[in-house]
Structure formats: structure tokens, C-alpha cells
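Below is one structure; the comments refer to it alone.
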Amino acid sequence: MPLKDVRVLDFGRYIAGPYCGALLADYGADVIRIEGPAGNEDRFSVPVAEDGSGAMFLQMNRNKRCLTLKPGSDQGREIVRKLVATADVVIANLPDDALVKLGLDYPTLAALNPRIILATASAFGNEGPLAQHVGFDAVGQAMSGAVHIGGKDGEPMRAQVNYVDFTTALHCAFGVMLALREREVTGVGQRVSGSLLGTALAITNGLTIDHALNGIDRGMMGNRAFSSAPTDIFATQDGWIMTQVVGNPIFARWATLVGRPELVEDPRFADDISRGDHGEEIGGVMRDWCAARTNEQALAELGAAKVPAGPVLKPSEALAHPQVTATGLVDAMDYPGGFGLAPVVRTPITLSSSAKAAPAAAPRLGEHSDAILSEIGYSADAISALREQRII
């Protein structure tokens, strides 16, 4: 496992920090989740187990160990200092003032361990008028332009999945890998900084470049696309499918498939942007074609013609799709007291010569506190005293 000798202290909350840690844990890093003695609020969102642990918690914290701790107490600070001396990476998606208050700012950590890498993810970045403000995924979506262009009938619309959080975590994990690589040369760590706003703007940068150079503020598109067609969701006789027809070769194959080859020679549909401008008209052709078929028939014909398409699935159907089961993306994890096995999708990449760590369920609250503290020199009596004082 590529990261088997890397130790990570995960002070992250909700998604951007914890998912960064989960990605590292999947490939062997020893990731220690640190949370309060009563548990942090992100543990209990959408409960799926008897102890209140939530669905996203089980996903974000697989393959980690858990230490409960009051990091703001004197004894807690001492434990953190000892842990930092043994660690390679600290993850904390907190504003800078909170990092300083907890002693997790980079100057403090580097003084304890010059090799430490601090990975932070804030809402708006470390500078500027909103630097100390807090925010969640949907705020990043809203400020990027995506919520506006995804709206319909005059109403903006956010995505229900937290893609800004997840992508920020990916960027932070990438930054950690860069910092680890640089440390091999310099022997010194550094700070890796990400933000929800920066991620959201990076994802929508094509839209903002379009406006800057073409002077066009794209309107609300709903499920359509302004730069291709037919890209939309269409009803069949028994369900819905999504098509995304991009590029002249695919458009030609689609036109032939639906029995309208003359559309290829129509100057109104000469390129992707032109087709996007006429998305309603082209979509009408596709709607009629889909209305005469079942989902299975439509997808089989589109697949044979090499036209990108897929079914619109409910969450209850997604993991049961034959393609998902064939690719082995899901690990069934047994969390104690869970309302069944949790189908956890781990890092969806594979390495040809390196395996992921064996799947392990998210930790129970404080499950590994004694083991972790003993590793840094605390005796059984000292650990008991810390527990009596509610430090752990």
C-alpha cells in the first residue's frame, strides 16, 4: 500500500476534511479521527445505526481509527503535541482563527515537527473579506454560477449532492501528495490550503471564461446544456434516460439513429454551440424517439450507436445496477449496531500494482483511544485518569 508509513491526524468535519483523510486511508495511511468525547455533530447526521452514527459518517471515516479528545484543554493540547511529533499530515477544515485557538496553525505545528504537512479547507480561503466566515457546499455552488445556470423557469437550483465538498477533498488530497513528494527532496513539510469557493470556481471556470471572452451570461438551462444537444433528460415508456451528445461525430451517429440524418447538413446545427442554441428543437426529436421505446430499448440502441446515454436511477437503484456490481466499487461494511451492512463506495480508482487497504468500517466513538495513547507513551493508569476527567 503506497501510504502504509504515513500517519494522518484528522480534525476534519463533515466532508471536505474527512473525505480527504478517507482517500489517504484507503491506500494505507494510518488516519486517526479526533473528535470530542461526546462525538462531533457530523457523526450523527442521517442516523443509520443504534448509536446514532450517520450514513455520511460511515462513508467519510472508513478505514480510520478514532481518538476522543478535548483539544482545547491543557491535557488535550499535550496529547496533540505528542501526536503531532509522530505524524506526517494534519487535516483540519477550519478557519485560520480556529486553527490558532486550537494550536493547529502551521507555525505552531512546524515548531513541533518540521516535517509536518497541514492540509486545511476553508469556505472562502485564507484572505479577503470573507476569510473568517464559515460556509458549506451549497454556498460554494451558489457563488460559482452553477446554481444560476442549473435553474429553470426563473428559479435557481442547487445540486443535491455535495460535489464542491468532495472535489475540495480531492484537491486537498492531491496537495498532500505533492507536499509529501516535495518533502522527500527538502525534508520539510508545508501547508496545503483549499477552499470551497476556489473549488467551485475551478469547476465552473469554463462558464466564467465564456462570459469574459464572449460577453454572454448564459441563462437558466435546467437539464439542458448551452454547448451541446440533445443533452437533456427524456421520458421513455417506463422511465427516464439522460443523453449527452457532444461533438460532430456523435451528433451524426445520433441523427442517423433517430432517422433524421438530414440534421447533420442543417447549418443551424453545424457545431455544438449552435446545437445548444437550438436545444429545444433538437430535444423535441429526441423526446419523440424516446416516447416510442422503453428504457431498455432506448439504451440498447443508443449504446450500440456509441451515443453517450444512461438511465436516471433512484438512489435505491444505483448500487444494484449490473455495471456497478461488475466493477466491484462497493464494499459492504458491518458497523456495530448498524441497521444492516453499509454499502460503502471507496476511492473509485485502482492502481495496477498497488492494492487498497482491506475494507474496515468507520470507528465507534473513541474505539481506539487507549491504543493510540499507549503508542505515544501513556500508561493505563494515565489513560484512566484522562477518561475520568473527560479529557478523552
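Screening 212, 225, 255 for residues that are surrounded by 15 or more Cβ atoms within 10 Å (Cβ to Cβ) and either at positive phi or assigned to a helix (DSSP H, G or I) (or both) leaves exactly one candidate, 255. When 336, 348, 267, 308 are checked against the criterion of being farther than 28 Å from residue 61 by Cβ and loosely packed, with under 14 Cβ neighbours inside 10 Å, a single residue qualifies: 267.
Has the stretch 12-32 got at least one residue that is part of a strand (DSSP E or B), crowded, with 24+ Cβ neighbours inside 10 Å and in contact with a Cys (Cβ under 8 Å, 6 or more places away or on another chain)? Taking every residue of the stretch 12-32 in turn, at least one turns out to be part of a strand (DSSP E or B), crowded, with 24+ Cβ neighbours inside 10 Å and in contact with a Cys (Cβ under 8 Å, 6 or more places away or on another chain). For the stretch 178-191, give me each residue that is closer than 21 Å to residue 347 by Cα and surrounded by 16 or more Cβ atoms within 10 Å (Cβ to Cβ). 179, 180, listed by residue number.
Taken over the stretch 85-98, the criterion of being surrounded by 23 or more Cβ atoms within 10 Å (Cβ to Cβ) and of a type in the set (A, V, I, L, M, F, W, C) is satisfied by 89, 90, 91, 92.
Out of 45, 53, one residue alone is of a type in the set (S, T, N, Q), within 19 Å of residue 163 (Cα to Cα) and either in contact with a strand residue (DSSP E or B) (Cβ under 6 Å, 6 or more places away or on another chain) or surrounded by 18 or more Cβ atoms within 10 Å (Cβ to Cβ) (or both). It is 45. The set of residues from the stretch 86-129 being more than 15 Å from residue 17 (Cβ to Cβ) and without any contact (Cβ under 8 Å) to a residue 24 or more places away in the chain comprises 100, 105, 107, 108, 111, 127, 128, 129.
For the residues 207, 201, 170, 180, the requirement of being more than 30 Å from residue 281 (Cα to Cα), in a helix (DSSP H, G or I), of a type in the set (A, V, I, L, M, F, W, C) and touching a helix residue (DSSP H, G or I) at 6+ places or on another chain (Cβ under 7 Å) singles out 201. Against the definition (more than 27 Å from residue 289 (Cβ to Cβ), β-branched (Val, Ile, Thr), in contact (Cβ under 8 Å) with a residue 24 or more places away in the chain and not assigned by TED's automatic domain parsing to the domain that holds residue 294), how does residue 185 come out, yes or no? Criteria not met by residue 185.
The values are calculated or read from the model by the stated rules, or taken from the named source; none is laboratory data. Since the structure is predicted, the reported quantities are computational estimates derived from the model, not experimental observations. Glycine gets a Cβ as well: all are built from the backbone with ideal geometry, and neighbour counts include every protein chain shown.
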